[in-house]
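For reference, the structure is listed below as structure tokens.
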Amino acid sequence: MSDRLGYPNLGLGVGLRTVHFDYILKHQPPVDWFEIISENFVDSQGRPRYVLHQIAERYPVVMHGVSLSIGSTQPLDFEYLHKLKRLAAETKTRWISDHVCWTGVAGINTHDLLPLPYHEESLKHVIDRVRIVQDVLERPLVLENPSSYVTFAGSSMSEAEFISCLAQEADCGLLLDVNNVFVSATNHNFDPLEYLRSIPYKRIVQMHLAGHANCGTHLIDTHDGPVIDPVWDLFRQAYQSTAGVATLLEWDAKIPDFPTVHNEVLKARKVLQDSFDVSMRPAVAKTVLESDRDSVPHPAVMVTALAD
Amino acid sequence: MPPQDPSLNQIQRWVQAVITNPDGVEQGIDSATATSTIDVTTETVDSVILPSNQLSSIERLQIYGRAYFGRLIECLRAQFPAACYAVGEHAFDGLAFGYLIQHPSTSYTLGKLGEAFDQYLAATRPPRDTDMSDDLPDFADFLVDLTRLERTYSEVFDGPGPEQDRSIHPDDFVGLKPEQFADCRLLLHPCVRLLELRFPVHEYATSIRQGTEPDEPIARQVHLVVTRRDYVVRRFEVTAKQFRLLHALQTTAMVGDAIGQLLQEQSIDRGRLADDLKTWFRQWSAAPLFGELKRSAAE
């Protein structure tokens, strides 16, 4: 197996969000690549898709989904999969990713990335479905470790074990979200470094960085602020293990202007410098932002209409 | 007691029943939907969901329970900003909460989340004030119309538009004899929506979008055309006669039949109609409302 399943290291990217459309089209900022939320574009016949086409002509694009529901026990949505495939072809997307999670059963979509119990039954179930999805998409799927707030009594393996087995058996790629590792490690009291050591780094195609909220008793993956020092530390570790993979900053709530978001991901360059002078450290947040217990985990990104 | 090893499907049905229960996670655990899947109580829920060092099993589930409604209500606020302003955030959240209970999302996209919101508000509106003898539209009608408009904006914004297709230009009518025109069908672009409204809710919505204080809504009959040009949603008012003509054209009547329906109306000034029609079709073509001029097969 080649590193990253043959997928390229695209450099430092930014999540494409509607509020930044005009800025990007006007200024064409020097971003290495963009990641889109697939569901915001697969059905679009309006400005979002029109803008995406223009961006895809200039920048590499990656599709990141939130509704594949690969772990759900309800049947896969093949119409949705074919729409993903069509959009990927239109935009020459480099890869398609989603999450190791389920979003609903019995016809309902909760639009949450719900965690799975980690055991043999769920592992086999997800492996089987990943193989089907890869057959339809005709490319290796890339799956992200979720952030989670519950663990199941019926789990018989750790998340790192589950994801490692899944990637090997289904022959898929991994999107390592180091913020999710940090959030889940805090919430479930496991060692994030041990987690990083456990997963097959050659299958890591991409990494995510994001901010989160500290609710005192637990962390919530809100994507609404800068990346904190401990997450940068995990990122540095993971980056060295992988010898470098495409890295993207997610910022989905309280979204600042584009240069602020872009500058946040560019801090990764400084973080990665071995001869890093402590006095020159970027102004990253030292502590997690205090937040209330009603913080809502991502995803909650949607496109809204504009009328004259 | 829970089964020894609940299946993945049982776990997922149980979790979903618990975290989407509108009365909260504890009521969700005790609900018939949940207990028929995994029979645990709030006292024995640890046998399914483990507590953490800091949180009980129920508190951990409550993170998902709060997020379920919180996230979707936030999306509805974004999709209906003017309606949210009109009733206030607290009242809007209550309406959205009731809506989500009756209309949980069944789609992979949040874009469809609010597609039945105006219908829900119409079906659950408070009774009309029986003391009002003139049966004037009330605030509930205003809210229904406003949400209908905002939903229409969303659909037109991201639905099929005229940008990549040919549109009928005013020049396309040049040289067309009246009898030839009468035998044509003018097909409206699929993005064109014709709305009959009881309030000028489009003006209200525009004020909200522009960040200005909207005028107090005063009922008046509005005939509104919503369309799209250059990927931006456009809207303009038309008269009742123009509206009926456009509606007839949209329901695939021949141009002559559509005009004929108009001529049956008592209030039509027949002397002016020919000039009016020229002006109207020129304006509507420039909008552009028409995608195709289909001439009769006989030609």
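The values are calculated or read from the model by the stated rules, or taken from the named source; none is laboratory data. Keep in mind that this is a model prediction, so the values were computed, not measured. With ideal geometry, Cβ positions are generated from the backbone for all residues, glycine too; neighbour counts draw on all protein chains shown. Side chains included, ligands, DNA and RNA excluded: accessible areas come from the protein's heavy atoms. Shrake-Rupley method; radii C 1.70, N 1.55, O 1.52, S 1.80 Å.
Taking every residue in B:57-64 and counting other chain Cβ atoms within 10 Å of its Cβ, the average works out to 5.
Pairs from the table (A:Lys83/A:Lys267; A:Lys85/B:Lys294; A:Lys26/A:Lys267; A:Lys92/A:Lys270) lying more than 26 angstrom apart at Cα are A:Lys83/A:Lys267; A:Lys85/B:Lys294; A:Lys92/A:Lys270.
Across chain A the C-alpha pair distances fall into 20 Å bins from zero in the proportions 34, 61, 5 percent. Under a Cβ-Cβ cut-off of 12 Å, what is the net charge of the residues other than B:Arg272 that fall near it, where Lys and Arg count +1 and Asp and Glu count -1? Neighbourhood net charge equals 0. Close amide H partners of A:Leu209, meaning residues 5 or more places away or on another chain with modelled amide H under 5 Å apart, are A:Leu248, A:Leu249, A:Glu250.
With R₀ fixed at 51 Å, the C-beta to C-beta distance from B:Gln221 to A:Arg131 puts the FRET efficiency at about 0.30.
Entry for segment B:9-167 at q = 0.13, 0.15 Å⁻¹: log10 I(q)/I(0) = -0.75, -0.88, Debye formula applied to identical alpha-carbon scatterers, no solvent contribution.
Relative intensity of segment B:1-102 on a log10 scale, I(q)/I(0) at q = 0.10, 0.12 Å⁻¹, equals -0.34, -0.47, per a Debye sum over C-alpha point scatterers of equal strength in the absence of solvent. GNM on chain A, alpha-carbon springs under 10 angstrom: the most fluctuating residue among A:Ser147, A:Ser67, A:Ser241 is A:Ser241. Calculated translational diffusion coefficient of segment B:168-213 (4 °C, 1.567 mPa s; Stokes-Einstein with Kirkwood radius over alpha-carbon pairs) equals 90 µm²/s. Residues of segment A:107-129 whose accessible area, computed with a 1.4 Å probe over protein heavy atoms, drops by at least 20 Å² once all protein chains are present relative to their chain alone are A:Gly107, A:Ile108, A:Asn109, A:Thr110, A:His111, A:Asp112, A:Leu114, A:Pro117, A:Glu121. Eigen-decomposition of the gyration tensor built on the alpha-carbon atoms of segment A:1-49 gives equivalent ellipsoid semi-axes of 25, 17, 7 angstrom, largest listed first.
Residues of segment A:45-73 whose accessible area (probe 1.4 Å, heavy atoms of protein chains only) drops by at least 30 Å² once all protein chains are present, relative to their chain alone: A:Gln45, A:Gly46, A:Arg47, A:Tyr50, A:Thr73. Kirkwood analysis of the Cα pair distances in segment A:104-262 returns a hydrodynamic radius of 16.5 Å.
Which value, in square angstrom to the nearest 100, describes the accessible area buried between chains A and B on both sides, using a 1.4 angstrom probe? Provide the component values of the computation, followed by the final result.
On the way: alone 13910 and 17170 Å², together 25880 Å².
Interface area, both chains combined: 5200 Å², rounded to the nearest 100.
Can you pull the percent of segment B:108-191's accessible area that's carbon plus sulfur, 1.4 Å probe, other chains left in place? Don't jump to the answer; show the numbers that get you there.
Details: 2220 of 4240 Å².
The nonpolar share, carbon plus sulfur, comes to 52 percent.
In this entry, segment B:175-299 is assigned a mean projected area of 9.3 nm², taken as a quarter of its C-alpha convex hull surface. Let me check I've understood the local charge: for A:Asn179, count other residues with C-beta under 9 angstrom from its C-beta, Lys and Arg +1, Asp and Glu -1. What total comes out? Taking every Cβ under 9 Å from that of A:Asn179, the sum is -3. Look at the stretch B:65-75: the mean tally of other chain Cβ atoms within 10 Å of its residues' Cβ atoms is 5.
For the protein assembly as shown, what is the per residue volume of the convex hull drawn over the alpha-carbon atoms, in cubic angstrom? Dividing the Cα hull volume of the protein assembly as shown by its residue count gives 187 Å³. Counting Cα-Cα pairs of segment B:5-45 in 10 Å increments starting at 0 gives whole-percent bin shares of 37, 58, 5. Quick one: which bits of segment A:210-227 get at least 50 Å² less accessible when the partner protein chains are in, versus the chain alone, with a 1.4 Å probe? The answer is A:Thr217.
Accessible area ranking (1.4 Å probe, heavy atoms, ligands and nucleic acids excluded), largest first, for A:Met63, B:Met254: B:Met254, A:Met63. The trypsin sites (Lys or Arg not before Pro) of segment A:196-249 include none that meets both conditions, a loop assignment by DSSP and at most 16 other Cβ atoms within 10 Å of the site Cβ. Semi-axes of the equivalent ellipsoid for chain B, computed as √(5λ) from the eigenvalues of its C-alpha gyration tensor and ordered from largest down, come to 52, 23, 16 Å.
Here the contact order of chain B, divided by its residue count and restricted to Cα pairs under 8 Å and six or more residues apart, works out to 16 percent. Where only DSSP H runs of four or more residues are counted, the protein assembly as shown gives -13000 deg cm²/dmol as its mean residue ellipticity at 222 nm, each run worth -39500 (n - 2.57).
Taking every DSSP beta bridge that has both residues in chain A, what percent is antiparallel when rounded to the nearest 5? Beta bridges within chain A, antiparallel portion: roughly 10 percent. Any chance you could give the angle, 0 to 90 degrees and rounded to 10, that helix B:240-250 forms with the longest Cα principal axis of chain B? That works out to roughly 80 degrees. Overall, the accessible surface of chain A at a probe of 1.4 angstrom is composed of carbon and sulfur to the extent of 51 percent. Taking every protein chain into account, the accessible area of the protein assembly as shown amounts to 43 square angstrom per residue (probe 1.4 Å).
Only Cα sites of segment A:66-169 enter the Debye sum here, all with the same form factor; the resulting log10 I(q)/I(0) across q = 0.10, 0.18, 0.23, 0.24 1/Å is -0.27, -0.87, -1.35, -1.44, listed in q order.
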